[in-house]
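The structure appears below as structure tokens.
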Amino acid sequence: MSETIDDLSQLTFEDALKRLEDIVRKLENGDVPLDQSIALYSEGEQLRGLCQQRLEAAQAKIEKITLDRDGKPQGTAPFDAD
């Protein structure tokens, strides 16, 4: 049932997020045995970390367009989230 870390790294961000949402739903329902809950929680933590890494990598790639005094694009600069 639980995938290995290598298998998880092959998931797209969207697939990892969907799997994480499924895990949260199962845990919130409380219908799974304790051992399975622990395994699901562990997998969920791995998926959360994977999603966080993917989001940070995407943010690092985002650039904003800089404009000159006339409002015309003049280039790009790194995105500043602040």
### Message
For a quick check, take a GNM of the chain with Cα springs below 10 Å and name the residue from ASP22, ASP68, ASP31 with the largest mean-square fluctuation.
### Response
ASP68
#### Entry: Length-normalised contact order of the chain in % [C-alpha pairs under 8 Å, at least 6 apart]
26
### Query
So how much accessible area does ARG48 have, in Å² to the nearest 10, using a 1.4 Å probe?
120
### Query
Using the alpha-carbon atoms, what tilt in degrees (0 to 90, nearest 10) does helix 34-61 show relative to the longest principal axis of the chain?
10
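Given that compact globular proteins tend to follow 2.2 N^0.38 Å, what is the ratio of the alpha-carbon Rg of the chain to that value?
Details: Rg = 19.2 Å, N = 82, 2.2 N^0.38 = 11.7 Å.
In units of the globular-protein estimate, the chain measures up at 1.63.
Find, among the GluC sites (Glu not before Pro) in region 1-73, those assigned to loop by DSSP (not H, G, I, E, B) with at most 16 other beta-carbon atoms within 10 angstrom. It would help to have the intermediate numbers written out before the result.
Numbers: sites: GLU3, GLU14, GLU21, GLU28, GLU43, GLU45, GLU56, GLU63; in loops: GLU3.
Within region 1-73, the qualifying GluC sites (Glu not before Pro) (loop, at most 16 other Cβ atoms within 10 Å) are GLU3.
The values are calculated or read from the model by the stated rules, or taken from the named source; none is laboratory data. Every value quoted in this text rests on a predicted model; they were computed, and no experiment measured them. Glycine also receives a Cβ, built like all others from the backbone with ideal geometry; neighbour counts cover every protein chain displayed. Each accessible area value is taken on the protein alone, full model and side chains, heavy atoms only, with ligands, DNA and RNA left out. Shrake-Rupley method; radii C 1.70, N 1.55, O 1.52, S 1.80 Å.
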